[in-house]
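None of the figures in this text is laboratory data; all of them are computed from the coordinates on show. Every value quoted in this text rests on a predicted model; they were computed, and no experiment measured them. Here Cβ is always computed from backbone atoms with ideal geometry, including for glycine, and neighbour counts include all displayed protein chains.
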Amino acid sequence: MTLKVYGVLQATFTQRVLVVLKEKNVSYEFITVDWAGKTHKAPSYLLNHPFGQFPYIDDDGFILYESIAIMKYIALKYRDQGAPLLPDPGDLKATALMEQACSVEASNFNPFTTPIVIEKYGKPIRGVEPDEEVVKECVLGLDSKLDGYELILAKQRYLAGDSITIADLAHLPTGTIISRVGVTLLEDFTKRPNVTRWWREIYTRPSWQEVVASADAKI
Amino acid sequence: MVFKLFGNARSRPTLRVAHILKEMQVPFEFVAIDVQGNEHKTAEYLKKQPFGQIPYIDDDGFVLFETRAICKYIATKWRGQGPALFPDPSDLKATALFDQALSIEYSNFDNAAVNIAVEKVYKPKYLNKPTDEALVAEQVSKLEAKLEGYEAILSKQKYLAGEYVTLADLYHITFGFYIVEEGGLMLFTDEAKYPNMARWWKDITSRPAWLAVKGGL
């Protein structure tokens, strides 16, 4: 059976899953969740996802949610096709550094980028005014955390070492949207050359460009 | 060389790492970082932890930060010595469900719990500042909205990742215990409202390793 992804093409957490599927050349069926109609809060949806969020996947009856867990599952299951995206699971230290990098994204990037996405991208779609105070605070927060990124990326090519992992890819969806709404911290080469070098490298991957194109085509 | 934990004796994330070290029966040396003196913001410190946060570890020259990554490393390296706190790595689906449970804690619990802890405990106790009760109420209702999801999961299985306790369960203690014990909130200890979550909470917080470290380092 084909792997099924339940989500929204423009939603950042759905896009994390799609970029890994494309990196791994895994064919899948995409089922759009009608978020405006609140399908994801219906009791039948909650049976598969008790928190009423998206995305989730159904891989021949195996139901899984939470984007990072799904990214890891796909990367492990299809380890031998496409870019590895994870260190050898038997390598204790490399695995620990990959998990450190995933946590860095969750602690030092996403808490600032997701509110910007909500305010400057999500709210206008629904005809709601963005809260510029929240945006300002998050831009300042992100700006200071990127100094840590610069220190890491001055020493190595990617966040977990010299090979790309799911931790790098996890930055793509919100990073792309904040740039589009005018928060260009990732692209300021003179300020943080290594962050920008890294960002350009991951942003231009064909897998990600395909995800962006299908999201844009659907609007 | 002995395993070194760099952190603060009162810091909850530092205590999370100490808890897992106790679970796995790993002897360690605690090295206090002078947080009030901003030692964690110095250039020297940033070489170990580029974001200037605590804690980090040094295991015979291998430096690692971010508590969840550290705890997983400890539970992997000393797997045979304490309880198996995550599934057999060769079991793809069980591993995915464990990763899902880890993300549940991070997405649906951690943020609200940290915010409540800051308002209800840190501010009055350590910073001599008043609690913003409106913010607490907002965060409590945000957290309570998620507890239905927890109750649904824990009514079908004993722990968040299945029938065995994992790191994903134990990570909830770090701030959960704090807001219940010191913040005086009932939340997941409410047996009438969330019977399965209350059963689970009692189970994970009565583990000897936690009882050994909960008072601080």
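Could you derive backbone 3J(HN,Hα) for segment B:71-86 from the dihedral phi with the Karplus parameters 6.51, -1.76 and 1.60 (θ = phi - 60°), listing whole Hz in sequence and x where the residue is Gly or Pro?
So the J values, rounded to whole Hz, are 5, 5, 4, 4, 5, 7, 5, 10, 3, x, 9, x, x, 7, 8, 7.
With the crude spin-label approximation of a point 7 Å out along Cα→Cβ, what separation in nm comes out for residue A:39 versus residue B:206?
4.4 nm
Let me confirm one metric for peptide A:59-69, namely the mean number of other chain beta-carbon atoms within 10 Å of its residues' beta-carbons.
4
Could you point to the residue in A:112, A:198, A:142 farthest towards the positive end of segment A:92-218's charge dipole, with +1 and -1 charges on the Cβ of Lys/Arg and Asp/Glu respectively?
Of the candidates, A:198 comes out farthest on the positive side.
Which of A:160, A:69, A:106 ends up with the largest GNM mean-square fluctuation for chain A, with Cα atoms connected below 10 Å?
Among A:160, A:69, A:106, the largest GNM mean-square fluctuation belongs to A:69.
Please check: in the Gaussian network model of chain A (C-alpha springs, under 10 Å), which one of A:128, A:181, A:20 has the largest mean-square fluctuation.
The residue with the greatest mean-square fluctuation here is A:128.
If you add up the charges near residue A:22, with Lys and Arg at +1 and Asp and Glu at -1, over every other residue whose beta carbon is less than 12 angstrom from its beta carbon, what do you get? Could you put the intermediate results ahead of the total?
Numbers: positive: A:16, A:24, A:205; negative: A:23, A:210.
My count for the surroundings of residue A:22 gives +1.
Loop only per DSSP, at most 16 neighbouring Cβ atoms within 10 Å: give me the chymotrypsin sites (Phe, Trp or Tyr not before Pro) in segment A:20-52, ordered by residue number. Before the final figure, lay out the partial values.
Details: sites: A:28, A:30, A:35, A:45, A:51; in loops: A:35, A:51.
Passing both the DSSP loop test and the Cβ count: A:35.
Would you mind working out the magnitude of the charge dipole of segment B:92-211 relative to its Cα centre, with +1 at each Lys and Arg C-beta and -1 at each Asp and Glu C-beta, to the nearest 20 Debye?
180 debye
Mind running the shape call on chain A? Use the C-alpha gyration tensor, a ≥ b ≥ c as the square roots of the eigenvalues: rounded below 1.5 for a/c, prolate if a/b tops b/c, oblate otherwise.
Oblate.
On a 28 Å Cα-Cα criterion, which of the cross-link pairs A:41/A:120; B:123/B:214; A:145/B:142; A:72/B:158; A:41/B:129; A:38/B:156 come out too long?
Numbers: A:41/A:120 24 Å; B:123/B:214 20 Å; A:145/B:142 26 Å; A:72/B:158 24 Å; A:41/B:129 39 Å; A:38/B:156 25 Å.
Beyond 28 Å: A:41/B:129.
Treat each spin label as a single point 7 Å out from the Cα along the C-beta direction, and report the residue A:163 to residue B:182 distance in nm.
Each label point is offset 7 Å from its Cα along the Cβ direction, giving 4.2 nm.
Quick check on packing: order A:10-17, A:203-210 by the mean number of other C-beta atoms within 10 Å, highest mean leading.
A:10-17, A:203-210
Treating only the Cβ atoms of Lys and Arg (+1) and Asp and Glu (-1) as charged, compute the dipole magnitude of the protein assembly as shown about its Cα centre; round to the nearest 20 debye.
Working: 50 positive and 56 negative charges, 40 e Å.
Value, rounded to 20: 200 debye.
Starting from segment B:141-217, pick out the trypsin sites (Lys or Arg not before Pro) whose DSSP state is loop and whose Cβ has at most 11 other Cβ atoms within 10 Å.
Hits after loop and neighbour filter: B:156.
Which GluC sites (Glu not before Pro) in segment B:110-155 sit in a loop by DSSP (not H, G, I, E or B) and have at most 13 other Cβ atoms within 10 Å of their own Cβ?
Passing both the DSSP loop test and the Cβ count: no residue.
Looking only at A:190, A:165, A:32, which one moves most when chain A is put into a Gaussian network model with springs between Cα atoms under 10 Å?
Maximum fluctuation in the GNM of chain A, among the listed residues, is at A:190.
Can you tell me how chain B classifies by the Cα gyration tensor, rounded, prolate or oblate, using a/c under 1.5 as the rounded cut?
Cα axes put chain B in the oblate bin.
How many nm separate the modelled label positions at residue A:155 and residue B:38, each set 7 Å beyond the Cα in the direction of the Cβ?
Label at residue A:155, label at residue B:38, 2.3 nm between them.
Considering the zone a paramagnetic label at residue A:181 would reach in this model (a point 7 Å from Cα along the Cα-to-Cβ line), which residues of segment A:100-134 have amide N under 14 Å from it?
A:110-134
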